[in-house]
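Visitor: There's a structure below that I have some questions on.
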Amino acid sequence: MFNSEHDSFQLRSVPDSIIKKMQDEDAFWYASHDFRKKSKPPKESFLERLLDQSWFRTLIWILIIGGFISVLTWYLISSNVSIFSRGPGQIKQGDIDDSTENIFEINFEKEIANAISEGQYRIAVRLMFLNVLKNLSLKDLITYKQGKTNFDYLMQMHSSRYYKDFFRLTRDYEYTWYGKFDITPETFDIIKNDFESFRNRIQ
């Protein structure tokens, strides 16, 4: 049994100087140590580190702009836009431009005969159409100018008695040239006869 008179507890405080002295001793290093687990900052991925680099962001923009320019250039070339057209000059079989020939300097009879002999019927049809434009211009039925569209010439011919025939030739030409349809010798003979009949009419 405990004797309440003799066995009692008394709370005593330790002076701050003693606590400080004990904390400074190596044996009591744990006294002021913070045992709470410190959270580590999340690691950045390799891509995030790259995106933080200014040179890498510049490289990405260069690739984006370069890709856009490449696609735009390919589209313009494949669409036969005139800024990529060659200047006036001699017509080469199989490589004829859309709107830059000087039609008044072309020997159409020779070029058409060459195209037909080589089986280049699409080129022959184009040459025959250009020849029609030349003849219409010489007859003052149209005002020819490089860069004008076939629709412009149709509008000029609208009040003419040759309009329907010219419309049919223009349609056949555009189907053949821009549609890139294969032409058989039989089909070409029909188209050729239409062009020759029209040429005879306006002479």
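Visitor: Using a cut-off of 13 Å between beta-carbons, work out the net charge of the residues near Arg171 (Lys and Arg +1, Asp and Glu -1, Arg171 not included).
Guide: Numbers: positive: Lys164, Arg168; negative: Asp165, Asp172, Glu174, Asp194.
Combined, the nearby Lys, Arg, Asp and Glu give -2.
Visitor: Is the shape of region 102-166 best called rounded, prolate or oblate, per the rule: a/c under 1.5 gives rounded, else a/b larger than b/c gives prolate, else oblate, with a ≥ b ≥ c the square roots of the Cα gyration tensor eigenvalues?
Guide: Numbers: a/c = 2.29, a/b = 1.88, b/c = 1.22.
Cα axes put region 102-166 in the prolate bin.
Visitor: Per 0.36 nm of contour for each residue apart, how much would the distance between Tyr178 and Leu72 grow if the chain were fully extended, relative to their Cα-Cα spacing?
Guide: Extra length available between Tyr178 and Leu72 comes to 36.1 nm.
Visitor: Please list Leu141, Leu51 from largest to smallest accessible area, probe radius 1.4 Å, with all protein chains kept in place.
Guide: Details: Leu141 55, Leu51 75 Å².
Largest to smallest exposure gives the sequence Leu51, Leu141.
The values are calculated or read from the model by the stated rules, or taken from the named source; none is laboratory data. Quick caveat, the model's predicted, so the values are computed rather than measured. With ideal geometry, Cβ positions are generated from the backbone for all residues, glycine too; neighbour counts draw on all protein chains shown. Side chains are part of the model used for accessible areas, which takes the heavy atoms of the whole protein and leaves out ligands, DNA and RNA. Shrake-Rupley method; radii C 1.70, N 1.55, O 1.52, S 1.80 Å.
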